[in-house]
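The values are calculated or read from the model by the stated rules, or taken from the named source; none is laboratory data. The structure displayed is predicted, hence computed values, not measured ones. Here the Cβ positions follow ideal geometry from the backbone for every residue, glycine too, while neighbour counts run over all protein chains shown. Calculation scope for accessible area: heavy atoms of the full protein, side chains included, ligands and nucleic acids excluded. Shrake-Rupley method; radii C 1.70, N 1.55, O 1.52, S 1.80 Å.
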Amino acid sequence: LSIGNSFSWSAATYLPAVAKSAGCELVFEQASLGGWSLQGHWELAEKSEADPTFQPYGDDRSGKFSLREKLESRDWDIVTIQQASHFSWQPEAFTPYAAKLAAYIHCYAPNAEIVLQQTWSYRPGEPRLEQWQLDSNGMYERLTAGYVATAGQLKLRLIPTGLAVQLVRLSAIGSYPELEIISADSFHLSKSGEYLQACVWFAFLFNRPAGEIRFRPAELPADQARFLQKCAQAAIDAMPQHNAR
């Protein structure tokens, strides 16, 4: 279960097909709202506790639900949380809401491991970077500090999607300069980026090498798919806490 925003929605594009191609079973559901922060999800949970009829997630087609209802709907193995991208570069924005949300999850999904998805920095040239007086690398350094500090304080593992995106940016210059990992809007992932994210999540969730993935989108050349798998695996291997469960 992912409690997030559009930066977790994008994991769903290819993750089911990626997992299936490696012979793995996956149930992947979301309690996500576009642009929503840790503070926002916590405040919605508080409001639902005060008024059980308040169901801010879902839609008229799939049905509405509260976070508590979704947490209690299955015996989840893993629940992911993440910060909204526009707050991710502010380490102080993680406190105290990551801890409050984690405690809430523990209450209603006591068997689940809570993990943080490290999100990614915006593409160079995104106007908000100039407003924040940051460049893309500076945003990455700041958001990484926030995620690493929060993971350490709460003893949570990190899904290193942001690191994988950064590795592609650094490596693709000489290998695949035409490979755009971020979409035209400068902050969401492109289809190639969504495949990279799915590879990272697969390797993390199943503790299996990304090289075992047999699925690739039809529009993604085989050599680029292998390159993205390698970057995903490098990000996983760089996280020393990955196997410390």
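Under the rule a/c < 1.5 gives rounded, and otherwise a/b versus b/c splits prolate from oblate, where does region 1-131 land using the Cα gyration tensor?
Verdict is oblate for region 1-131.
What residues have an amide H closer than 5 Å to that of Ile78, excluding those fewer than 5 places away on the same chain, when H is modeled at 1.01 Å from N in the peptide plane?
Placed amide hydrogens put Glu113 under 5 Å from Ile78.
Can you compute the helix-only [θ] at 222 nm over the chain? Use -39500 (n - 2.57) per DSSP H run of at least 4 residues, normalise by all residues, nearest 500 deg cm²/dmol.
-14500 deg cm²/dmol
For Asp59, what accessible surface area do you get with a 1.4 Å probe? Give it in Å², rounded to 10.
Asp59 exposes around 60 Å² with every protein chain in place.
If DNA, RNA and ligands are ignored and the probe is 1.4 Å, what is the ranking of Glu141, Glu49 by accessible area, most exposed first?
Largest accessible area first, the list is Glu141, Glu49.
Sort Phe202, Phe215, Phe227 by accessible area with a 1.4 Å probe, largest first.
Of Phe202, Phe215, Phe227, the descending order of accessible area is Phe215, Phe227, Phe202.
Report the percentage of all Cα-Cα pairs in the chain whose separation exceeds 35 Å, rounded to a whole percent.
Summing the P(r) tail past 35 Å for the chain gives 11 percent.
Taking R0 as 35 Å, what FRET efficiency do you get between His106 and Glu141 from their Cβ-Cβ distance, rounded to the nearest 0.05?
0.70
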